[in-house]
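Enquirer: The structure under discussion is supplied below as structure tokens; questions concerning it will follow.
Please treat every number below as a calculation from the coordinates, not as lab data. As the structure is a prediction and not an experimental result, all values here were calculated from the model. When we count neighbours, we look across all protein chains shown, and the Cβ atoms used for this are built from the backbone with ideal geometry, even at glycine.
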Amino acid sequence: MKPAPFAYHAPETVADAVGLLREHGDDAKPLAGGQSLVPLLALRLTRFAHLVDLNRIAALQGLRRDNGALEVGAMTRQATVEHSADAEVVPLLARAVPLIGHFQIRNRGTIGGSLAHADPASELPAVALALDAELVAAGPGGVRVIPARDFFVSTWTTALDSAEVLTAVRFPVRTERGGWAIEEFARRAGDFAVTGAACAVALGDDGRVERAGIALFGMGSTPLRATEAERALVGSTAETADSAEIGRLATAGTDPPDDLHGTAAYRRKVGAHMTARAVARAVEEATRG
């Protein structure tokens, strides 16, 4: 199959990209790494009259530390993050990226592209949610910062306006007594996860969990924050944390999809197990640290 005809634009500044998106409205689509968009276009599952290629905008690339956060440019390749020592200050991000597809995918795929695509089975949206990341967008009205909890609206839909460009993601850097883990189940390495969980914890001076972030992927139309499970984890220690119960709480009341990869009940069961494993690993790491 070949994509439907489209006009190709290659701006070199964010302002020019925003201007093109504003001019062409719903007929335009930003192109990042293209690992998700190009197959959809080729199969004619979607079509746009204008593609706005962001690859020549140098300002959207790179990693930099700023005010207690690691800011990752939206067009930074996943492989760049995977092999960057700078990413180690956000351990959950560093551990999640190698799980994305195969190395060929990561060589072209971008951090911002994955987040803006908002596939609920993807790792990076769950990581952003668990870490309370902030997403920076530029549009006709200027720059705005969107908390991850407000960014993911539904499957393949975000809070970005049609004329906005995601420019960067800000991840909080590691704490002294922190632990991080991501667990997923996929039928084959490199496949989309059937379900998974990302977990970040921080311990207080007394060795108890002071803060917890747990996010599920593959369990609904968006990544899901497991707030009830987080509340159950806060105040516990490595010895008292009931990871199995926390996993059960995380998936209780979720409405995962039924498809050829598994029923909703199957996903809830496996998701609870993935959550339990992620929680146990994160708390253990924080306790050792």
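Enquirer: Sorting Val283, Val270 on the 10 Å Cβ count, fewest up front, what's the list? Don't skip to the answer; put the middle values down first.
Expert: Numbers: Val283 26, Val270 22.
Fewest-to-most ranking of Val283, Val270: Val270, Val283.
Enquirer: Taking loop as defined by DSSP and a crowding limit of 16 other beta carbons within 10 Å, which GluC sites (Glu not before Pro) in region 150-214 fit?
Expert: Glu176
Enquirer: Here is a follow-up. Subtract the Cα-Cα distance of Ala189 and Thr240 from 0.36 nm times their separation in residues, and report this length gain in nm to one decimal.
Expert: 15.0 nm
Enquirer: Run the simple label-point estimate for Asp132 and Glu176 please: 7 Å along Cα→C-beta, distance reported in nm.
Expert: So the label points at Asp132 and Glu176 sit 1.9 nm apart.
Enquirer: Considering Cα pairs under 8 angstrom that are at least six residues apart, work out the relative contact order of the chain and quote it in whole percent.
Expert: 16 percent.
Enquirer: Which FRET efficiency, nearest 0.05, do Ala264 and Arg144 yield, Cβ-Cβ r, R0 45 Å?
Expert: Approximately 0.80, to the nearest 0.05.
Enquirer: So the label point goes 7 Å from the Cα of Asp255 along Cα→C-beta, right? Which residues of region 209-230 then have their backbone N under 12 Å from it?
Expert: Only 220-222 pass the distance filter.
Enquirer: Okay, next question. For region 244-289, with the dipole built from +1 on Lys and Arg beta-carbon atoms and -1 on Asp and Glu ones, taken about the Cα centre, which of Thr275, Ala264, Gly289 lies farthest toward the positive end?
Expert: Gly289
Enquirer: If we count other beta carbons within 10 Å of each Cβ, what is the order of Tyr266, Tyr8, fewest first?
Expert: Tyr8, Tyr266
Enquirer: Helix 14-24 versus the longest principal axis of the chain: what is the Cα-based angle in degrees, 0 to 90, to the nearest 10?
Expert: 70 degrees
Enquirer: How would region 7-53 be classified by its alpha-carbon gyration tensor: rounded, prolate or oblate, with rounded meaning a/c under 1.5 and the a/b versus b/c comparison settling the rest?
Expert: Oblate.
Enquirer: Quick one: 3J(HN,Hα) in Hz for region 179-193, Karplus 6.51/-1.76/1.60 with θ = phi - 60°, rounded, Gly and Pro as x.
Expert: x, 9, 7, 9, 10, 8, 10, 10, 5, 9, 4, x, 6, 4, 5
Enquirer: Still on this model: At a 10 Å Cβ-Cβ cut-off, how would you order Ile182, Ile105, fewest neighbours first? Show your work: numbers first, answer last.
Expert: Details: Ile182 29, Ile105 16.
Going from least to most buried by this count: Ile105, Ile182.
Enquirer: Could you calculate the FRET efficiency of Arg208 with His102 from 1/(1 + (r/R0)^6), where r is the beta carbon distance between them and R0 is 25 Å, rounded to 0.05? Kindly include the intermediate steps, with their values, before the conclusion.
Expert: Details: r = 40 Å, r/R0 = 1.61.
It comes out at approximately 0.05.
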